[in-house]
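So the structure is just underneath, and the comments pick up after that.
The values are calculated or read from the model by the stated rules, or taken from the named source; none is laboratory data. Bear in mind the structure is a predicted one, so any value in this text is a computation, not a measurement. Note that we place each Cβ from the backbone using ideal geometry, even for glycine, and neighbour counts take in every protein chain shown. Just the protein is used for accessible areas: all its heavy atoms, side chains included, with ligands, DNA and RNA removed. Shrake-Rupley method; radii C 1.70, N 1.55, O 1.52, S 1.80 Å.
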Amino acid sequence: MSYTQYGFDPAQVERIKLKMKNPETKERVKMILQGVTKYDLQDRVKVRRFVGMLTKVLGERVTEQQTEQLVQFVISQKIDPNNAFHLIKLWSMFR
């Protein structure tokens, strides 16, 4: 399943991928997501909070609709951050 099906702008995705190549930014994102569990990623309120913190770190402006699309994407993917298969699936989706 592609991220474009959730209404993500490919130009914005490319911009974020470029920003994530910066080691300092990457470390800040890792610190925010450290200790996150699959149950946290199924909680709409927590995911919304993570989206807010991450967009602030990345310097991205997102609308309320884009935030909701991101939250819906994360919840529907049923991501388990401790499962390598899930992480590989996400990596391949955004390469």
- Task: Pick out the one residue from 38, 30, 19 that is open to solvent by less than 70 Å² (accessible area, probe 1.4 Å), of a type in the set (D, E, K, R) and out of contact with any strand residue (DSSP E or B) (no Cβ under 6 Å at 6 or more places or on another chain).
- Result: 19
- Message: For the stretch 42-95, which positions are more than 22 Å from residue 18 (Cβ to Cβ) and touching a Lys or Arg at 6+ places or on another chain (Cβ under 6 Å)?
- Response: 71, 80
- Task: Find all pairs meeting these conditions: Cβ atoms under 6 angstrom apart; at least six residues apart or on different chains; first residue within the stretch 54-68 and more than 24 Å from residue 24 (Cβ to Cβ); second residue surrounded by 15 or more Cβ atoms within 10 Å (Cβ to Cβ).
- Result: 67/51
